[in-house]
1. Quick one: net charge of Leu120's neighbours, Cβ under 10 Å, K/R +1, D/E -1?
2. Please calculate the 1.4 Å probe accessible area of Glu73, with all protein chains present, and give it to the nearest 10 Å².
3. Is segment 30-341 best put as rounded, prolate or oblate by its Cα gyration tensor, with a ≥ b ≥ c the root eigenvalues, rounded for a/c under 1.5, and otherwise prolate when a/b is larger than b/c, oblate when not?
4. Leaving out ligands and nucleic acids, note down the accessible area per residue over segment 30-341 with a 1.4 angstrom probe, in whole Å².
5. Cut-off under 13 Å on the C-alpha distance; same-chain residues fewer than 8 positions from Lys263 excluded. Which aspartates and glutamates are left, in chain and number order?
6. Given a cut-off of under 8 Å on Cα pairs at least six residues apart, what relative contact order in percent is computed for the chain?
7. Label segment 181-273 by shape, choosing from rounded, prolate and oblate, from the square roots a ≥ b ≥ c of the eigenvalues of the Cα gyration tensor; if a/c is under 1.5 it is rounded, and otherwise prolate applies when a/b is larger than b/c, oblate when it is not.
8. What number comes out for the charge environment of Gln93, summing +1 per Lys or Arg and -1 per Asp or Glu over other residues with Cβ under 12 Å away?
Amino acid sequence: MSDFPRSLLPAFPRFRRLRRSAALRDLVAEVRLDPARLVLPLFLVPGRARRHPVASMPCVFQLSPDEAMREIEEALAEGIRAFIFFGVIPREQKNDLGSAALDPENVVCETLRLVRGKGLPAVAITDLCLCEYTAHGHCGPLSAADKDGPRNVDNDATLELLSRQAVNHARAGADVVAPSGMMDGMVARIRAGLDAAGFAETAILSYAVKYASAFYGPFREAAESAPAFGDRRAYQMDGRRRREALAEALADVNQGADVVMVKPGMPCLDILRDLRDRLEVPLAAYQVSGEYAMIKAASANGWLDGRAAMLESLVALHRAGADFLLTYFAREAARALREEAR
Ligand code: PBG
């Protein structure tokens with residue numbers, strides 16, 4: 001050892017060498033955000049020229065179809081190419097079954113037809129769930145009162161409705177349907193319904209791994225879909241279970257899901273990594289309304305740098321394994337990325 005040239009002895013690692021400049025950091029970055037990986041959620045309301053702010057989500061609006069078209073065209077110009085639609089309907093159109101979800105004239109279908117009619121190069125994804133359409137705000141019709149506890153969503157009765165809702169969206173021009181109701185067997189039933197109706201090309205993005213979460217709070221204001229009683233813990237997942245996520249995701253892949261999604265985002269980085277390492281299908285993450293609201297609120301108070309926190313949170317989701325991200329920050333992030341690239 002004594003005649004070994006000192007210069008060849010292992011040095012302590014100098015990690016900082018590759019952090020010295022932005023160009024060096026960019027050179028060795030393992031992930032890079034790209035607007036093409038971001039999906040912008042839109043809340044659609046009937047009518048014309050409506051642009052109604054959502055109090056708990058600054059910069060997010062309920063939009064009538066004409067306003068949504070404007071939003072989509074502006075976002076496309078900024079590099080955002082995919083959108084997910086949520087329908088918000090007047091209370092008087094809601095009932096216990098959520099049957100307005102099956103109406104070919106509803107606001108989601110109307111907007112899809114506008115997008116297709118204009119030939120916009122947008123990926124149109126639709127949220128497939130009944131909670132925005134049921135009077136009680138749960139994700140499907142309720143089963144008969146159960147002597148042992150509160151009423152719960154009737155899983156198998158909901159499947160048929162979801163399958164018909166999927167066909168309704170596909171017929172109006174959806175590229176992708178995204179079932180979010182956490183019904184067992186939903187993907188198989190929706191796939192069968194789409195295929196039977198001649199929509200074999202319509203893809204399914206399954207909210208396969210959706211934990212019950214307080215972070216959905218602001219969304220329920222935006223979508224006017226808060227449950228009238230109880231909560232969703234009898235159908236959404238329990239955050240204390242990690243292994244079940246793989247079982248849920250595998251079940252959906254085996255039923256024909258083209259993409260699986262994990263939700264909420266930042267509370268589930270471990271889950272994203274588990275699935276990325278064990279599945280071959282594309283993986284999506286939903287940075288949900290509460291995650292957005294937290295960053296916006298802290299930023300508005302001057303408590304953190306909103307733009308940096310936004311980009312950091314999106315990088316974390318991508319690095320954890322998500323190929324693409326649903327985020328209310330989509331347009332803001334696309335603009336920030338463009339500025340950074342300059
Ligand atoms: C519909 C649905 C919800 C979200 C997406 N689809 C609400 C819920 O499960 O209560 C939440 C999205 C968000 O918080 O941004 N079931």
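The values are calculated or read from the model by the stated rules, or taken from the named source; none is laboratory data. Quick caveat, the model's predicted, so the values are computed rather than measured. As a convention, Cβ positions derive from the backbone with ideal geometry for all residues, glycine included, and neighbour counts pool all protein chains shown. Just so you know, the surface numbers come from the protein's heavy atoms only, side chains and all, with ligands and any DNA or RNA stripped out. Shrake-Rupley method; radii C 1.70, N 1.55, O 1.52, S 1.80 Å.
1. So the surrounding residues net to +2.
2. Surface accessible to solvent at Glu73 totals approximately 70 Å².
3. Here segment 30-341 falls in the rounded category.
4. 42 Å²
5. Partners within reach: Asp238, Glu248, Glu291.
6. Details: 644 pairs, mean separation 58.5, N = 342.
Over the chain, the number comes to 17 percent.
7. Oblate.
8. Numbers: positive: Arg91, Lys94; negative: Glu92, Asp103, Glu105, Glu132, Glu224.
Overall, the nearby charge balance is -3.
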